[in-house]
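**Student:** Could you have a look at this structure, given as structure tokens, before my questions?
The values are calculated or read from the model by the stated rules, or taken from the named source; none is laboratory data. As the structure is a computational prediction, the values presented were derived from the model and not from experiment. Here Cβ is always computed from backbone atoms with ideal geometry, including for glycine, and neighbour counts include all displayed protein chains. Heavy atoms of the whole protein, side chains included, go into the accessibility calculation; ligands, DNA and RNA do not. Shrake-Rupley method; radii C 1.70, N 1.55, O 1.52, S 1.80 Å.
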Amino acid sequence: MTGVIGARGPTATLNQSAAIVEIRNLNYAVNGRPIFAGLDMDIPRGRVTAVMGPSGTGKTTLLRLITGQVAADAGSIMVAGQDMRAVRRADLYVLRRRMGMLFQNGALLTDLSVFENVAFPLREHTDLPERLVRQLVLTKLQAVGLRGAAELMPGELSGGMSRRVALARAIVMDPELLIYDEPFVGLDPISLGVILRLIRRLNDALGITSIVVSHDVHQISTVADVVFLLSGGTVVAKGTPPQLQSYPSEIVRQFMGGLADGPVPFHYPAPDYFGELLGRGERP
Amino acid sequence: MKLIRELWTSLIESLVGLGSVVRFLLRLLTESPRALLRFDLIAQQIFNSGALSLVIIMLSGLFVGMVLGLQGFQLLQRFGSEEALGTAAAIGLVKELGPVVTALLFAGRAGTALASELGLMRATDQLSAMEMMAVDPIRRVVVPRFLGGVIAMPLLAAIFSLIGLFGAQLVGVQIMGVDSGSFWSQMRSSVSLSDVNEGIVKSCIFGIMCSLIAVYEGYYATPTAEGVGRATTRTVVTLFFDYLITAAFL
Ligand SMILES: Nc1ncnc2c1ncn2[C@@H]1O[C@H](COP(=O)(O)OP(=O)(O)OP(=O)(O)O)[C@@H](O)[C@H]1O
Ligand SMILES: [Mg+2]
């Protein structure tokens, strides 16, 4: 098992030309509250890159920025040589055909069966004969262990199953860039192992670049080549998982070790606790 | 002074709202020709919203027709012209009651279903997922639903009028004893094509309004359970209000 999961390509080199996603000085605010302030990030081509960080730091938001679902306030995001701030809608759609994205909650189309959900991108973008569509869909469903569930409706699936179907759908077009938002949440240990191996195999065998968002320190260590740790709107640490384990920084140690006390505030910004309990201190 | 200022802001707000609805309509219309090429998707939606409202529309058609038959008979009897019942019922149904009542029922049944379906798709990231698969949700999801509703409305209004006529006939001819021959022949000679056309135009306008408001509210719903609920309610309220205004003008 470690043979598959642990197999890493040649040592990760973070040079410019190898980056499929280049983020420079990204600034982004929601309702006046800054989520990112001066974020820089290079995501190397053909590797598994993990993005970690406390809940609410903006990991999902970062993925939405990278995929052009929302526009940055300032700074540049280059994806496969395209500037996401200046990209035309048609070009964006061409670019997205080369991407697959796994949403945090699966986001399956509720009026289509599992089979049709996975077949959806094929039907929309290709004119493949039905026999071939069937073959492709069943192969991908087999890979996530849900070929038997092909005729179920999304409402009949559990959360973990939905996520696996969504993964099958994300890879059915053979994308170059695969983006996973929290793929490990709600999976049992067996499916977890399967998904971890699948992420690794897609990456090693097909050369797919993967971006995995997760806060699961342990799972990420087994699958990622490069880890970015986000906090407070910037990258606070980057490196291979072993490098991060022994990173000389309070923040990183707190996060990797799962400690409540440290430089990363566990609480969402709030007025003084006791003051508020006692009825003093106005809410902003 | 304060009142004027408030009225002014609410006027501006509703104008802005109207503007974005109109812009949305233009977007739907530009996508429509291409969506028509995939008629299976539209047919599915006609079936969905049509089938959803069919039973309730048939039932109300029957009862409205029967009431119309009874009231019309009693009224016309005073002037000794019961034979005109067919004409009266037909004109009332085809020109007014058919389009308006169908539109109200359609808004309550299919319109709310449409708004909540789209709102839910927004709330569960289905629309974003489609965009990520390089599929334009407006073209793939919204336009077929819009066109489906636009096509279904006149069909449902026609069914309503037909059944209503049957109901009027049931009461007038079968129960009250109006002569069946004169009921139908008077109707055929005095209801003109322009009356029917007027009804069709009306129900087409209502169909566009209803489908537009429903998909607009659903598509731009706040992506939460509460937002979806609000979108549904707003659809009905906006539509009833708009119908009243439109019906008054037409
Ligand atoms: N639509 C929105 N409106 C207002 N604030 C938002 C919105 N979306 C996100 N935010 C804010 O942006 C911040 C980042 O959200 P995001 O979903 O990216 O976090 P995350 O890192 O993915 O968290 P998690 O690990 O829990 O999924 C949050 O603090 C949230 O309050
Ligand atoms: Mg998230």
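**Student:** Name the longest site-free stretch of chain A, where the excluded sites are trypsin sites (Lys or Arg not before Pro) in a DSSP loop with no more than 13 other beta-carbon atoms within 10 Å.
**Tutor:** A:89-279
**Student:** Could I have the simple spin-label model distance between residue A:218 and residue B:79, label points 7 Å from Cα toward Cβ, reported in nm to one decimal?
**Tutor:** 8.8
**Student:** Follow-up. How many Å² of accessible area per residue for the protein assembly as shown, probe 1.4 Å?
**Tutor:** On a per-residue basis, 49 Å².
**Student:** Name the residues of region B:88-129 whose accessible area falls by at least 20 Å² when all protein chains are present instead of the chain alone, probe 1.4 Å?
**Tutor:** When all protein chains are present, B:124, B:125, B:126, B:128, B:129 each give up 20 Å² or more of accessible surface.
**Student:** Which peptide among A:270-279, B:129-138, B:187-196, B:104-113 comes first, and what is the full order, when sorted by highest mean count of other Cβ atoms within 10 Å?
**Tutor:** Put in order of decreasing packing, that is B:104-113, B:129-138, B:187-196, A:270-279.
**Student:** If you average the C-alpha positions of region B:38-94 and of region A:140-215 separately, how far apart do those two centres end up, in angstrom?
**Tutor:** 53
**Student:** A further question follows. Quick one: grab Rg to one decimal and Dmax as a whole number for chain B, Cα atoms only, in Å.
**Tutor:** My reading of the Cα-based Rg and Dmax gives 21.1, 70 Å.
**Student:** Another question about this same structure. I want to check the label-to-label distance for residue A:90 and residue A:30. Put each point 7 Å from Cα in the C-beta direction and report it in nm to one decimal.
**Tutor:** 3.3
**Student:** Which residues, if any, in region A:164-189 lose at least 20 square angstrom of accessible heavy-atom surface (probe 1.4 Å) when the other protein chains sit next to their chain rather than the chain being alone?
**Tutor:** Relative to the lone chain, where solvent access is computed with a 1.4 Å probe, region A:164-189 loses at least 20 Å² at A:169.
**Student:** Relative to the first principal axis of the alpha-carbon coordinates of chain B, what is the inclination of helix B:225-249, with its axis defined by its Cα atoms, in degrees from 0 to 90 and to the nearest 10?
**Tutor:** On a 0 to 90 degree scale, this one is about 40.
**Student:** Oh, and also: Under a point spin-label approximation (7 Å from Cα along Cα-to-Cβ), what is the residue A:82-residue B:51 distance to one decimal in nm?
**Tutor:** Each label point lies 7 Å from its Cα, and together they span 3.8 nm.
**Student:** With a 1.4 Å probe on protein heavy atoms only, tell me which residues of region A:79-102 lose at least 40 Å² of accessible surface in the complex relative to the chain by itself.
**Tutor:** The answer is A:89, A:93, A:96 - residues whose exposure falls by at least 40 Å² when every protein chain is included.
**Student:** If you don't mind, another one. Would you mind telling me the share, in percent, of accessible area of region B:40-249 contributed by carbon and sulfur at probe 1.4 angstrom?
**Tutor:** 69
**Student:** In terms of modelled amide H atoms, which long-range or inter-chain residues lie less than 5 Å from the amide H of residue A:231?
**Tutor:** Here the answer is A:236, since their amide H atoms fall under 5 Å of that of residue A:231.
**Student:** Carbon-plus-sulfur fraction of the accessible area of region A:19-249, 1.4 Å probe, in percent?
**Tutor:** The C+S portion of the solvent-accessible surface of region A:19-249 is 52 percent.
**Student:** OK, next. What does the buried accessible surface come to for B and A, summed over both chains, with the probe at 1.4 Å? Round to 100 Å².
**Tutor:** The contact between A and B buries close to 1700 Å².
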